Structure formats: C-alpha cells, structure tokens
C-alpha cells in the first residue's frame with residue numbers, strides 16, 4: 001500500500017490513487033491545493049465567503065471528474081482549469097454588476113498563504129506589486145498571476161485560460177507594459193521593493 005502522506009508522492013500519483021478508490025489521497029490533494037485554489041478564486045469573486053464556496057465546488061467537481069483525468073498531464077493545470085470554469089460560471093450567474101477584482105480588506109486578504117510564490121504574493125502594504133496587478137484589466141491580472149504567482153508555464157497558462165500560447169504571450173506583453181506604465185505613474189512614494197519584484201517578473 002502506498003503511503004499517501006509522503007510528500008514525495010506527486011499530485012499525478014495521488015490522482016491515480018484516487019481513481020483507484022483512495023479517499024485519503026484526495027484529501028491530501030485538497031490539503032495541498034486548497035489554499036492556492038482559494039487564492040486564485042478570490043481574485044475573481046472579491047470576497048472570502050464566495051471564494052470558500054467556489055473552492056469547495058471546484059474540488060467536488062474535480063472528484064466527480066477524476067475518472068476522466070489523464071495522469072500524463074499536470075494535475076495542477078487540470079485542477080486550475082476546473083477552478084477557472086467554476087469562477088466563470090459563478091460570475092455569469094451573478095451578472096456584470098459584481099466586480100471580481102475588488103481590493104481585499106486586510107481581514108480577508110488571502111495572500112499570506114505559506115506558498116512558494118510568497119516572494120511575489122507578499123503584501124506588506126497597499127503599495128505592494130500585487131495590489132497594482134489587481135487593478136489591471138481582469139485578463140491581464142489573471143495572466144500575470146498564473147504565470148508568475150502560480151509559476152505555470154506559458155503552455156499551462158494557455159490551457160487554464162482556454163486559449164493558445166501565442167495569445168498568452170501577447171497578454172503577458174500587454175500586462176507587463178500596463179504594469180510598467182502604472183508603476184511609472186505612481187507618486188514618488190513608490191518604494192524599491194516594488195520595482196525589484198517587477199523586474200523579477202519582467
């Protein structure tokens with residue numbers, strides 16, 4: 001029997017175990033990806049309550065669809081694609097009046113998750129780099145987050161966004177240009193940390 005608690009077991013291997021009936025493996029996938037999926041969905045819906053509900057919906061959908069998952073593909077890309085569709089469905093059902101990229105309050109900011117992308121996600125104050133990214137157009141904010149916040153490849157980002165590699169590269173160029181323009185237009189109080197992080201993602 002495979003020891004599913006081992007951190008050496010890949011998400012793809014855990015997914016295969018789930019397909020064979022292991023609920024423990026699925027629980028471990030939820031533990032591994034739950035905070036990241038919540039963070040991603042928060043950027044769409046703008047509040048923690050809806051993000052929590054949609055995170056649960058995402059994992060329910062993933063569990064029901066596991067039989068169709070192909071383990072030769074990245075599990076994280078597959079899961080984020082489900083999360084993206086869940087967010088889009090939610091946004092359509094609520095209508096255009098809801099703003100999916102509202103500035104979060106400090107009490108519900110999901111960016112202090114202990115995650116490998118913390119250096120890019122870290123929010124020390126309102127002037128952090130990701131605060132500025134959130135103010136860009138939704139597609140530009142999304143492509144920057146997937147590519148540099150979640151560190152998906154261009155191809156994986158394209159698959160999650162439901163587009164092609166060329167379009168993602170165009171979006172990335174536009175997003176970096178828009179961000180650079182936004183930073184240049186900021187008042188003199190912009191600190192060096194923001195510029196350092198910007199150059200990292202450039």
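The values are calculated or read from the model by the stated rules, or taken from the named source; none is laboratory data. Quantities reported herein were computed from a predicted structural model and do not represent experimental measurements. Methodologically, a virtual Cβ is constructed for each residue, glycine included, from the backbone with ideal geometry; neighbour enumeration extends over all protein chains shown.
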Next item on the list: Mind listing whichever residues of region 31-47 are surrounded by fewer than 18 Cβ atoms within 10 Å (Cβ to Cβ) and outside any loop (DSSP other than H, G, I, E, B)?
Entry: 31, 32, 34, 35
Note to self: Can you say whether residue 100 is in contact with a helix residue (DSSP H, G or I) (Cβ under 8 Å, 6 or more places away or on another chain), at pLDDT below 50, under 21 Å from residue 59 (Cα atoms) and assigned to a loop (DSSP other than H, G, I, E, B), as far as the supplied structure shows?
What the structure shows: yes
Item checked: Number of the condition not met by residue 166 [criteria: (1) surrounded by fewer than 18 Cβ atoms within 10 Å (Cβ to Cβ); (2) at pLDDT below 95] -> (2)
